[in-house]
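Asks: Can you read through this structure? Questions will come right after.
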Amino acid sequence: MNATPRTTKAERAGRWLGHAWRGLARQEARAIQWLAGKGLPAGVARLLLWIVKLVVFGVLLYAAFWLALLLAFALLAAWLVRNADLDEEKQPELRDGHSGAGVYDKDDWRIDLGDPDDP
């Protein structure tokens, strides 16, 4: 048994996210102090930063909506192209039918006369 436990990837990712969150919180506090130093009340500075966060979040949601809509239309177009019947009318084809091997139309009628001596 090992004396030192191993750090998992999830724990490492959590620690990284925690450090990033604390760093952003410190930067926000510095921005509030800077705005307060310029003469803006601290409450108004906090409100201003919240408004900026909400605007950025709204722009990201707006962009994600249009990208999702574009992806949905692309998938729909691909599905329609894949399932489109390009040959509206079935072409005559060589196959074995009721009257033997020959060329048949869409209604299963033999088009070619064939050899009358063929059984």
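Asks: I'd like the full set of residues that are part of a helix (DSSP H, G or I) and surrounded by 11 or more Cβ atoms within 10 Å (Cβ to Cβ), limited to the stretch 34-46. Spell out the reasoning first.
Replies: Taking the stretch 34-46 as the starting set, the residues that turn out to be part of a helix (DSSP H, G or I) are 34-37, 42-46.
Those that are part of a helix (DSSP H, G or I) and surrounded by 11 or more Cβ atoms within 10 Å (Cβ to Cβ): W34, L35, A36, A42, V44, A45, R46.
Asks: State yes or no: is A63 of a type in the set (A, V, I, L, M, F, W, C), farther than 30 Å from A25 by Cβ and at pLDDT 75 or above? Spell out how you get there, then give the answer.
Replies: Values: of a type in the set (A, V, I, L, M, F, W, C): yes; farther than 30 Å from A25 by Cβ: no; at pLDDT 75 or above: yes.
No, not satisfied.
Asks: Hey, could you check the stretch 1-33 for residues that are more than 37 Å from the chain's Cα centre (by Cα) and closer than 16 Å to V52 by Cα and say which is surrounded by the most Cβ atoms within 10 Å (Cβ to Cβ)?
Replies: Applying the first criterion (more than 37 Å from the chain's Cα centre (by Cα)) to the stretch 1-33 yields 1-5, 30, 32-33.
Subsequent filtering for residues that are closer than 16 Å to V52 by Cα retains 30, 32.
Numbers: R30: 10, I32: 18.
Per the stated criteria, the residue is I32.
The values are calculated or read from the model by the stated rules, or taken from the named source; none is laboratory data. Since the model is a prediction, treat every value here as computed from it, not as a measurement. Note that we place each Cβ from the backbone using ideal geometry, even for glycine, and neighbour counts take in every protein chain shown.
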